[in-house]
Amino acid sequence: MPFFAQENRLNSILPLRCPHCHTGKFLVHPITKIFTITRVREHCDHCGAAFKIEPSFYYGSMYVAYALGVAIMVMVSVLYWLIAEEFSVKESFIWVFSSLLVSSPFLNGYAKIIWANFLISYDPNAGKN
Ligand SMILES: [Zn+2]
């Protein structure tokens, strides 16, 4: 049972599900396989929707990944600024770099599902034939 309204795109983005039916898997491997998380399936295993609409379709997800990276950078910087007794640019950089390094596989996987949700619309009847 989805947490949000059925047509809400967060039902596709948060669990990494098909943007067309919100049921089929979007990635080839589960999120726990950290080094292969960014591999997207060719088609949905539930409704058959194509995930690769054209060659190099997911190059555009780099814009989304950039925005997510900036959001993480700002959050970590503000958190460091609030917690640290003395602000150090060098320590702040290390914290930001480390957090981006750790989160980059997840960031790229989520950037691709967000990008796909921009361009693939939801159909409540998809895969119910
Ligand atoms: Zn689907």
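The values are calculated or read from the model by the stated rules, or taken from the named source; none is laboratory data. Note that the structure is predicted; figures quoted are calculated from it, not measured. Glycine also receives a Cβ, built like all others from the backbone with ideal geometry; neighbour counts cover every protein chain displayed.
I need the full set of residues from the stretch 43-57 which are among the aliphatic types (A, V, I, L, M) and in contact (Cβ under 8 Å) with a residue 24 or more places away in the chain, in order please.
Quick first cut of the stretch 43-57, residues among the aliphatic types (A, V, I, L, M) only: 49-50, 53.
Hits for the stretch 43-57 are Ala49, Ile53.
Pick from the stretch 100-115 the residues that are out of contact with any helix residue (DSSP H, G or I) (no Cβ under 8 Å at 6 or more places or on another chain) and more than 16 Å from Val70 (Cβ to Cβ): which of them is farthest from the ligand (Cβ to nearest atom)?
Going through the qualifying residues, I end up with Val102.
Suppose the filter is charged (D, E, K, R) and not in a loop (DSSP other than H, G, I, E, B); does Glu54 pass it? Lay out the reasoning, then the answer.
Details: charged (D, E, K, R): yes; not in a loop (DSSP other than H, G, I, E, B): no.
Answer is no for this residue.
Which members of the stretch 77-129 meet the condition of being surrounded by 17 or more Cβ atoms within 10 Å (Cβ to Cβ), out of contact with any strand residue (DSSP E or B) (no Cβ under 9 Å at 6 or more places or on another chain) and not in a helix (DSSP H, G or I)?
The answer is Tyr122, Ala126, Gly127.
Go over the candidates Gly69, Gly24 one by one and state the one that is modelled with pLDDT of 95 or more and crowded, with 17+ Cβ neighbours inside 10 Å. Give the steps one after another, and end with the answer.
Working: Gly24 fails: modelled with pLDDT of 95 or more.
Result of the check over Gly69, Gly24: Gly69.
With Cys21, Cys47 as the choices, which residue is near the ligand (Cβ under 8 Å from one of its atoms) and in contact with a Pro (Cβ under 9 Å, 6 or more places away or on another chain)?
Sole residue among the options that is near the ligand (Cβ under 8 Å from one of its atoms) and in contact with a Pro (Cβ under 9 Å, 6 or more places away or on another chain): Cys21.
Does the stretch 118-128 include one or more residues that are more than 15 Å from Ala67 (Cα to Cα), in contact with a Cys (Cβ under 7 Å, 6 or more places away or on another chain) and either β-branched (Val, Ile, Thr) or at pLDDT below 90 (or both)?
Within the stretch 118-128 (the criterion being more than 15 Å from Ala67 (Cα to Cα), in contact with a Cys (Cβ under 7 Å, 6 or more places away or on another chain) and either β-branched (Val, Ile, Thr) or at pLDDT below 90 (or both)), the answer is yes, since at least one residue qualifies.
Is at least one residue of the stretch 81-94 of a type in the set (A, V, I, L, M, F, W, C) and either closer than 17 Å to Ser12 by Cα or touching a Cys at 6+ places or on another chain (Cβ under 9 Å) (or both)? Write out each step before concluding.
First, the residues of the stretch 81-94 that are of a type in the set (A, V, I, L, M, F, W, C): 81-84, 87, 89, 93-94.
From what's left, either closer than 17 Å to Ser12 by Cα or touching a Cys at 6+ places or on another chain (Cβ under 9 Å) (or both): none.
The answer is no, given that none of the residues of the stretch 81-94 is of a type in the set (A, V, I, L, M, F, W, C) and either closer than 17 Å to Ser12 by Cα or touching a Cys at 6+ places or on another chain (Cβ under 9 Å) (or both).
Within the stretch 1-23, how many residues are under 11 Å from the mean Cα position of the chain (by Cα) and hydroxyl-bearing (Ser, Thr, Tyr)?
1
Among Phe26, Phe35, which is in contact (Cβ under 8 Å) with a residue 24 or more places away in the chain, more than 14 Å from the chain's Cα centre (by Cα) and within 15 Å of Gly109 (Cα to Cα)?
Numbers: Phe26 fails: more than 14 Å from the chain's Cα centre (by Cα).
Among Phe26, Phe35, only Phe35 is in contact (Cβ under 8 Å) with a residue 24 or more places away in the chain, more than 14 Å from the chain's Cα centre (by Cα) and within 15 Å of Gly109 (Cα to Cα).
Of the residues that make up the stretch 1-9, is at least one modelled with pLDDT of 90 or more and not polar (S, T, N, Q)?
yes
With the requirement that a residue be hydrophobic (A, V, I, L, M, F, W, C), assigned to a loop (DSSP other than H, G, I, E, B) and surrounded by fewer than 13 Cβ atoms within 10 Å (Cβ to Cβ), what does the stretch 27-51 give you? Working first, answer last.
Going through the stretch 27-51, the residues hydrophobic (A, V, I, L, M, F, W, C) turn out to be 27-28, 31, 34-35, 37, 40, 44, 47, 49-51.
Going one step further and asking which of them are assigned to a loop (DSSP other than H, G, I, E, B), we end up with 28, 31, 37, 44, 47, 49, 51.
The answer is none; no residue qualifies.
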